[in-house]
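These notes concern the structure reproduced below.
The values are calculated or read from the model by the stated rules, or taken from the named source; none is laboratory data. Nothing here was measured: the structure is a model prediction, and the numbers come from that model. Neighbour counts run over all protein chains shown; Cβ positions are idealised from the backbone, glycine included.
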Protein chains: 2
Amino acid sequence: MSETSLSPLDRRELRARVSHALTGFLDRQELVLREISADLVEPAAALREFLDGGKRMRPAFCYWGWRAAGGARAAEALDDAAFTAAASLELLQASALIHDDYMDGSDTRRGKPAVHKRFEALHAAGGWEGPDVRFGAAAAILLGDITLTWCDEMFTRSGFDAARIHAARPIFDLMRSEVMAGQYLDVIAQSRGLTVASPREILERAETVIRYKSAKYTIERPLQLGAALATGDGDDSGPVNQALSAYGLPLGEAFQLRDDVLGVFGDPATTGKPAGDDLREGKQTVLVALAAERADTEQLKLLREDLGDAALDASGVAALQEVIVGTGALDAVERRIAERTELALAALEHAQIEQEARAVLAELAIAATSRQV
Amino acid sequence: MSETSLSPLDRRELRARVSHALTGFLDRQELVLREISADLVEPAAALREFLDGGKRMRPAFCYWGWRAAGGARAAEALDDAAFTAAASLELLQASALIHDDYMDGSDTRRGKPAVHKRFEALHAAGGWEGPDVRFGAAAAILLGDITLTWCDEMFTRSGFDAARIHAARPIFDLMRSEVMAGQYLDVIAQSRGLTVASPREILERAETVIRYKSAKYTIERPLQLGAALATGDGDDSGPVNQALSAYGLPLGEAFQLRDDVLGVFGDPATTGKPAGDDLREGKQTVLVALAAERADTEQLKLLREDLGDAALDASGVAALQEVIVGTGALDAVERRIAERTELALAALEHAQIEQEARAVLAELAIAATSRQV
């Protein structure tokens, strides 16, 4: 089916192309900032370092959405543009993480100080006036803000013509609103905790958060965005978009469920986060909601009391892990992950998309959901 | 020169058109949010109320930039589009203020609770888990974020064709980067305070902040943005853009200098802020920098010690006001305001722009700089 001469990229090559596009964009932005003031070199450097990592998942799905919808076949010359548009999603993600880390009080990110901590240190080292913490917060909020505007700037100037960018905008816009709505619902869910709702309600809420904050944002919308850039059709009810949705939504759920399992049972050496970190943060995941639904009185009491306790020690973490295993919640989530992944792969099989993209998307599905504990 | 049949709007009418455009946009966005979750009604309502006020200065300059460059003459049918694009700037401003209020710890905005305080109260009323303050912060950060993305969504979908929006994008993008850069420089300046630099450096920093955070953002760029939508030419070195810049930059400076004077000497009944609020916040304005430059040893000591003292009482405020008057800094700033305003009006006189726009822009210049103490 495919007539393109582009080879299917391996994942390392894709990451390199995405990083290259980001570097080019940041080089130009840094020139703009330097012209305003030398004091802006520091935030520019902070963003550059922040972006120098990550799995580039959203760009991967965006690029392969473009290829799936025949982008490379129609206009191979636009391969660079496709990578640039795809890479712009890393700026949205960076903005969200910079703000998230501050909101959650997470002090590290991939083993390095979070942005607000980096700027706290700058303040302290300068012996400046006012509290360090406040300066760190302001710098992180503003850096997240400028990064958010740079996402749409990079996307808009990716190299596609104005009409094509315009056609893809509805999906781009929806994706941004959805992820922020999902984040707010997540914050609300965490604040409400397990005490004020029935287990069924808690589960429904957790499912809504997963859908908007992860499934759509990480997989479905990036795929559809890439496809819209290929077809010039931003209507997400078209046949290609429907097919990508049938693959992307269950896969996105499975991906997040795997992440939730890792957040509770993951090895710090692999996850880069302390063991049981999600339990200390009190994250209201599907995993936790299923545990609450199935818990007996004593187990529920433990969940309610200890979940979200920032000072929880290793034995406290172990006790909560035991509840999650004992109630059968972990097994149930593993089943869900397997089911959703199969649904995604089945949808992929029947999707009317380019062959090469089909093969790569199948690979990506496995990679996204089978990460080891 | 003008062949348009549109009458020059009075300011009230302009505000009504801008509000109408915002209401229409928010109505559509609220439908999207409601479909995700009923829990999103509250943040949508918060934004709507937040936007229900303000002087609509940036939209006014954007709209009159469009008219100045012959927008109405070329395509009167796009009058609605021009108001919608202009109104989108209110979303950028709302996002900045929502984040600013949180960063500054300002608890009120136009006599109502700031957004983070509103959500703190929601948390408290719900008897939810975790600290109120943290929830308020997260809600304000996320609401500011979604509002920031809605700014470019509204601008992009204002009704101009894709090519024209694309042509105007470089100015739109630069405006956003500049204002955020200016805000960061402002935060840095406040942190560094008066102690670590020479008076000359302090003044230069304050002038840079004024240029990017106010003069360009509030007046020059909105004007040029409107003009680019009219001409389809986003190069800010073109003759119309140069003329609008020659008017907008000094006017923007004068506007901010007036604001700085009001922040120190303004009547709370008029400004809506406590008397001397800028002094308590330790704002590093041109006014303060000029006072520091001209101060004798005793005056400088007072400035260094009391500026930025959040607990400053009425007599403390009066003492600092006395320094600012006594050093001649207030007179110097008033002279600057007068000079800059005259420069702006002179540039306007020679600008090759539509007659009606010239008259309205002259009026706006007076309104922006002669607000009473």
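Filter region A:159-170 for residues that are more than 9 Å from every other protein chain (Cβ to nearest Cβ) and in contact with a Gly (Cβ under 7 Å, 6 or more places away or on another chain) and give the result.
Hit for region A:159-170 is A:Ala168, nothing else.
Consider region A:259-289. How many of its residues are touching a Ser or Thr at 6+ places or on another chain (Cβ under 8 Å) and under 17 Å from A:Arg192 (Cβ atoms)?
Qualifying residue count for the region: 1.
Would you list the helices (runs of 4 or more DSSP H) that sit entirely within region B:230-347 and hold 2 or more residues that are β-branched (Val, Ile, Thr) and within 27 Å of B:Ala114 (Cβ to Cβ)?
Because the criterion is at least 2 residues that are β-branched (Val, Ile, Thr) and within 27 Å of B:Ala114 (Cβ to Cβ), the helices (runs of 4 or more DSSP H) in region B:230-347 that meet it are B:239-265, B:268-271, B:286-294.
Being over 23 Å from A:Met175 (Cβ atoms) and of a type in the set (D, E, K, R) is the filter; apply it to region A:198-214 and report the residue that is nearest to the other protein chains (Cβ to nearest Cβ).
Let us first name the residues in region A:198-214 that are over 23 Å from A:Met175 (Cβ atoms), namely A:198-203.
Keeping just the survivors that are of a type in the set (D, E, K, R) gives A:200-201.
On the way: A:Arg200: 16, A:Glu201: 12 Å.
Step by step, filter region A:198-214, then rank; the result is A:Glu201.
Is it the case that some residue within region A:155-172 is of a type in the set (D, E, K, R) and under 19 Å from the mean Cα position of the chain (by Cα)? Talk me through it step by step, then tell me what you get.
Start the filter on region A:155-172 by keeping residues that are of a type in the set (D, E, K, R), which leaves A:157, A:161, A:164, A:169.
Subset that is under 19 Å from the mean Cα position of the chain (by Cα): none.
No: region A:155-172 contains no residue that is of a type in the set (D, E, K, R) and under 19 Å from the mean Cα position of the chain (by Cα).
For region B:230-244, check the following and say yes or no: at least one residue is touching a Pro at 6+ places or on another chain (Cβ under 7 Å) and surrounded by fewer than 24 Cβ atoms within 10 Å (Cβ to Cβ). If you could, list the steps in order and put the result at the bottom.
The first filter runs over region B:230-244 and keeps only residues touching a Pro at 6+ places or on another chain (Cβ under 7 Å), leaving B:234.
Add one more test, that the residue is surrounded by fewer than 24 Cβ atoms within 10 Å (Cβ to Cβ), and what stays is B:234.
Checked against the condition, which is being touching a Pro at 6+ places or on another chain (Cβ under 7 Å) and surrounded by fewer than 24 Cβ atoms within 10 Å (Cβ to Cβ), region B:230-244 yields at least one hit.
Within region B:52-80, track down each residue that is among the charged types (D, E, K, R) and assigned to a loop (DSSP other than H, G, I, E, B).
The initial filter retains those residues of region B:52-80 that are among the charged types (D, E, K, R), namely B:52, B:55-56, B:58, B:67, B:73, B:76, B:79-80.
Correct list: B:Asp52, B:Lys55, B:Arg56.
Is it the case that some residue within region A:193-200 is farther than 30 Å from A:Leu31 by Cβ, assigned to a helix (DSSP H, G or I) and touching a residue at least 24 places away in the same chain (Cβ under 8 Å)?
The answer is yes; a qualifying residue exists.
In region B:307-315, is there at least one residue being of a type in the set (D, E, K, R) and free of Cβ contacts under 8 Å to residues at least 12 places away in the same chain?
Yes, some residue in region B:307-315 is of a type in the set (D, E, K, R) and free of Cβ contacts under 8 Å to residues at least 12 places away in the same chain.
Select, from B:Leu97, B:Leu89, B:Leu78, the only residue that is within 19 Å of B:Ala167 (Cβ to Cβ) and under 16 Å from the mean Cα position of the chain (by Cα).
B:Leu89 is the lone residue from the list that is within 19 Å of B:Ala167 (Cβ to Cβ) and under 16 Å from the mean Cα position of the chain (by Cα).
Which members of region B:60-72 meet the condition of being crowded, with 23+ Cβ neighbours inside 10 Å and either under 16 Å from B:Asn241 (Cα atoms) or at pLDDT below 95 (or both)?
Correct list: B:Phe61, B:Cys62, B:Tyr63, B:Trp64, B:Gly65, B:Trp66, B:Arg67, B:Ala68, B:Ala69, B:Gly71, B:Ala72.
Could you figure out which of (1) of a type in the set (Asp, Glu); (2) within 30 Å of B:Gln299 (Cα to Cα); (3) at the interface with chain A (Cβ under 9 Å from one of its Cβ atoms); (4) buried (at least 22 other Cβ atoms within 10 Å of the Cβ) isn't true of B:Asp104?
Of (1) of a type in the set (Asp, Glu); (2) within 30 Å of B:Gln299 (Cα to Cα); (3) at the interface with chain A (Cβ under 9 Å from one of its Cβ atoms); (4) buried (at least 22 other Cβ atoms within 10 Å of the Cβ), only one is false for B:Asp104: (4).
Just a yes or no: is a residue in region A:51-67 touching a strand residue (DSSP E or B) at 6+ places or on another chain (Cβ under 9 Å), of a type outside the set (Val, Ile, Thr) and closer than 30 Å to A:Asp259 by Cβ?
The answer is yes, given that some residue of region A:51-67 is touching a strand residue (DSSP E or B) at 6+ places or on another chain (Cβ under 9 Å), of a type outside the set (Val, Ile, Thr) and closer than 30 Å to A:Asp259 by Cβ.
Would you say B:Ser177 is farther than 30 Å from A:Gly193 by Cα and facing chain A (nearest Cβ under 10 Å)?
Considered against the rule, which asks whether it is farther than 30 Å from A:Gly193 by Cα and facing chain A (nearest Cβ under 10 Å), B:Ser177 comes out as yes.
Kindly establish whether A:Ala125 is crowded, with 18+ Cβ neighbours inside 10 Å, aliphatic (A, V, I, L, M) and either at the interface with another protein chain (Cβ under 9 Å from one of its Cβ atoms) or more than 18 Å from B:Leu174 (Cβ to Cβ) (or both).
For A:Ala125, the condition - crowded, with 18+ Cβ neighbours inside 10 Å, aliphatic (A, V, I, L, M) and either at the interface with another protein chain (Cβ under 9 Å from one of its Cβ atoms) or more than 18 Å from B:Leu174 (Cβ to Cβ) (or both) - is not met.
Would you point out which residue out of A:Val209, A:Val196 is within 21 Å of A:Leu307 (Cα to Cα) and buried (at least 23 other Cβ atoms within 10 Å of the Cβ)?
Residue meeting the stated conditions: A:Val209.
Residue-by-condition table, conditions (1) crowded, with 18+ Cβ neighbours inside 10 Å; (2) more than 30 Å from B:Ala181 (Cα to Cα):
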position: A:Val41; (1), (2): no, no
position: A:Phe50; (1), (2): yes, no
position: A:Arg58; (1), (2): yes, no
position: A:Leu78; (1), (2): yes, yes
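For every residue, the table says whether it meets (1) crowded, with 19+ Cβ neighbours inside 10 Å; (2) outside the structural domain of B:Asp107 (by TED's automatic domain parsing); (3) over 20 Å from the mean Cα position of the chain (by Cα).
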| position | (1), (2), (3) |
| --- | --- |
| B:Thr270 | no, yes, no |
| B:Leu287 | yes, yes, no |
| B:Leu290 | yes, yes, yes |
| B:Glu342 | no, yes, yes |
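Name the residues in region B:185-197 that are small (Gly, Ala, Ser), at the interface with another protein chain (Cβ under 7 Å from one of its Cβ atoms) and at negative phi, would you?
B:Ser191
Evaluate region A:109-120: report whether one residue or more is crowded, with 17+ Cβ neighbours inside 10 Å, at positive phi and not in a helix (DSSP H, G or I).
no
Can you name the condition, by its number, that B:Gly127 falls short on among (1) in the same structural domain as B:Leu364 (by TED's automatic domain parsing); (2) more than 23 Å from A:His99 (Cα to Cα)?
So the condition that B:Gly127 fails would be (1).
Of the conditions (1) under 22 Å from B:Ser214 (Cα atoms); (2) touching a residue at least 24 places away in the same chain (Cβ under 8 Å), B:Leu78 clears all except one; give me its number.
Evaluating B:Leu78 over (1) under 22 Å from B:Ser214 (Cα atoms); (2) touching a residue at least 24 places away in the same chain (Cβ under 8 Å) leaves (1) as the failure.
Restricting to region A:142-158, what's the tally of residues that are within 7 Å of chain B (Cβ to nearest Cβ) and within 10 Å of A:Ser95 (Cβ to Cβ)?
Residues of region A:142-158 that are within 7 Å of chain B (Cβ to nearest Cβ), as a first pass: A:142, A:145-146, A:148-149, A:152-153, A:156.
Those still in the list that are within 10 Å of A:Ser95 (Cβ to Cβ) too: A:145-146, A:148-149.
Residues meeting the conditions: 4.
Just the residues that are in contact with a Lys or Arg (Cβ under 8 Å, 6 or more places away or on another chain) and either closer than 22 Å to B:Leu26 by Cα or not assigned by TED's automatic domain parsing to the domain that holds B:Gln256 (or both), please, taken from region B:153-171.
If the condition is that a residue be in contact with a Lys or Arg (Cβ under 8 Å, 6 or more places away or on another chain) and either closer than 22 Å to B:Leu26 by Cα or not assigned by TED's automatic domain parsing to the domain that holds B:Gln256 (or both), then B:Glu153, B:Thr156, B:Arg157 are the ones that fit.
Could you figure out which of (1) more than 7 Å from chain B (Cβ to nearest Cβ); (2) surrounded by fewer than 20 Cβ atoms within 10 Å (Cβ to Cβ); (3) at pLDDT below 95; (4) under 15 Å from B:Thr156 (Cα atoms) isn't true of A:Pro131?
(4)
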